[in-house]
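*Asks:* Let me begin by handing over the structure; questions about it come next.
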Amino acid sequence: MSSSINLFDPAFREDPYPFYAESRARSPVAQVDPIGAWLVTGYDAVVEVLKAPHVYSSAAMHGAMSQIETDEDEGPPPMVITTDPPKHDRLRTLVNRGFTPGRIARIEPRIREIAADLFASMDARGECDLVADLAVPLPVRVIAELLGVDPDRYEDFKRWSQAAIAIFGRQVSAEVGAAANASIDELSDYIEAAAEERRVDPRQDLISVLIEKEAEDALTLDEVKGFVILMLIAGNETTTNLIGSTAIALLDNPDQLAAIQAEPARIPDLVEEALRYTSPVQLLFRQTLREVQLGGVTLPAGAIVLPSYGAANRDPARFPDPDRFDVKRKAQGHLSFGLGIHFCLGAGLARLEARVVFEGLVPRLEKLQRRSSRVRWSESPFLRGPVELPLGPR
């Protein structure tokens with residue numbers, strides 16, 4: 001079963017949801033251009049893929065990361081997102097130590113301080129680019145502080161983050177790829193130096209937790225590098241996308257903005273509906289380890305499979321009237337954080353950051369409006385969010 005979808009078509013990037021719906025109506029599993037991969041758009045079929053790592057290997061994610069190099073002529077370091085059991089289980093167990101509910105809860109006051117500083121700056125100007133002034137700096141600053149990055153290196157850390165994001169799952173020129181990897185090399189050197197410092201003088205940060213000598217096991221230096229790079233993409237870009245896309249959804253649906261302004265206690269519901277409706281992560285990569293039936297389609301061994309969170313979250317068989325943004329919807333069951341062994345490590349942190357942001361932003365949106373009706377979306381077909389969002393007084 002083939003589909004008319006080209007993942008790098010500007011029209012698809014502008015609005016992928018009509019393409020998903022058309023493809024799903026034909027078949028929940030269909031081949032797409034330009035790589036001939038199998039796009040999975042049906043909710044049940046996506047769940048089936050995510051629950052079967054013994055059939056659908058995450059090693060295919062290595063391809064999405066393949067342009068990221070931490071040393072000359074070498075590919076990306078090992079990451080939880082690119083590995084299968086049993087290697088995955090070891091990595092997951094180790095990095096879980098950095099994302100316990102207690103550790104996340106302890107940083108809430110600091111997240112609120114960072115958000116308050118950013119809001120104060122926005123208020124003083126009376127206008128902003130919500131992406132550049134809030135959606136980008138808040139998660140970057142939170143991740144930097146969690147890792148223990150020195151404050152005088154925050155600008156470098158932001159640049160390194162942007163470099164990793166710039167080439168994740170994108171078609172880029174050799175020149176762009178080389179420039180991005182030069183920045184990633186700087187990040188690699190910084191992580192190596194920081195890890196050596198923590199071995200001698202541990203701190204209360206994630207790098208110290210991951211390499212602590214007393215642990216039964218610890219990450220290797222390459223694994224620490226892989227974890228940090230993954231955090232830059234999964235911990236920064238996805239939260240940035242969620243904040244920007246949710247703000248657009250609220251401004252484009254004034255009845256829903258009014259509803260959440262009237263009942264701010266529903267902000268956790270807003271966050272869940274926004275995760276479903278906007279799907280900051282649109283697609284993942286998997287590869288079949290054997291011939292398999294999926295959604296009535298026979299996939300050969302070695303086939304590249306693209307389970308789509310964005311499509312599954314708009315499947316009318318699971319979410320009635322799925323293209324309607326409804327802050328009172330019970331959106332539990334959305335797949336924006338994945339499912340199974342690869343469920344997002346940072347889900348609790350992302351939810352906390354989004355809740356804090358929209359507690360402060362929702363009342364301010366009453367006085368703000370978009371400067372342009374056009375949205376320039378990120379170029380990646382795998383991660384979706386606005387590149388900029390200029391707002392000014394009403």
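*Asks:* Restricting attention to segment 1-38, which residues are outside any helix (DSSP H, G or I), touching a Ser or Thr at 6+ places or on another chain (Cβ under 6 Å) and under 23 Å from Gly333 (Cα atoms)?
*Replies:* Within segment 1-38, just Pro28 meets the criteria.
*Asks:* Report yes if some residue within segment 106-120 is more than 28 Å from Pro363 (Cα to Cα), of a type outside the set (Val, Ile, Thr) and in contact with a Lys or Arg (Cβ under 8 Å, 6 or more places away or on another chain); otherwise report no.
*Replies:* no
*Asks:* If you don't mind, there's one more thing I want to ask. Here is a check on your reading of the model: is Pro316 surrounded by 12 or more Cβ atoms within 10 Å (Cβ to Cβ) and more than 16 Å from Ala59 (Cβ to Cβ)?
*Replies:* yes
*Asks:* Among the residues of segment 260-303, write down those that are surrounded by fewer than 18 Cβ atoms within 10 Å (Cβ to Cβ) and either acidic (Asp, Glu) or in contact (Cβ under 8 Å) with a residue 40 or more places away in the chain (or both).
*Replies:* Passing the criteria: Gln261, Glu263, Pro264, Arg266, Pro268, Leu289, Arg290, Glu291, Gly296, Val297.
*Asks:* While we're looking at this one, here's another question. Taking the stated definitions as given, is Gly360 small (Gly, Ala, Ser), within 22 Å of Arg384 (Cβ to Cβ) and in contact (Cβ under 8 Å) with a residue 40 or more places away in the chain?
*Replies:* no
*Asks:* Of all residues being surrounded by 12 or more Cβ atoms within 10 Å (Cβ to Cβ), modelled with pLDDT under 95 and not in a helix (DSSP H, G or I) in segment 91-142, which is nearest to the chain's Cα centre (by Cα)? Just the residue, please.
*Replies:* By that ranking, first place goes to Val136.
*Asks:* Answer yes or no: is there a residue in segment 220-239 that is of a type in the set (Ser, Thr, Tyr) and not in a helix (DSSP H, G or I).
*Replies:* Checking segment 220-239: at least one residue is of a type in the set (Ser, Thr, Tyr) and not in a helix (DSSP H, G or I).
*Asks:* Is it true that Phe168 is modelled with pLDDT under 85 and not in a helix (DSSP H, G or I)?
*Replies:* Criteria met by Phe168.
*Asks:* Six or more apart or on different chains, Cβ atoms under 7 Å: show the pairs whose first residue is in segment 123-146 and closer than 17 Å to Trp160 by Cα and whose second is surrounded by fewer than 20 Cβ atoms within 10 Å (Cβ to Cβ) and among the hydroxyl-bearing types (Ser, Thr, Tyr).
*Replies:* That search, which allows pairs on different chains as well, returns Arg141/Tyr154; Ala144/Tyr154.
*Asks:* Answer yes or no as to whether Asp73 is at pLDDT below 85, farther than 13 Å from Leu283 by Cβ and acidic (Asp, Glu).
*Replies:* In short, yes.
The values are calculated or read from the model by the stated rules, or taken from the named source; none is laboratory data. Computed from a predicted model, the values in this text were never measured in an experiment. Counting neighbours? That spans all protein chains shown, and the Cβs are built from the backbone with ideal geometry, glycine included.
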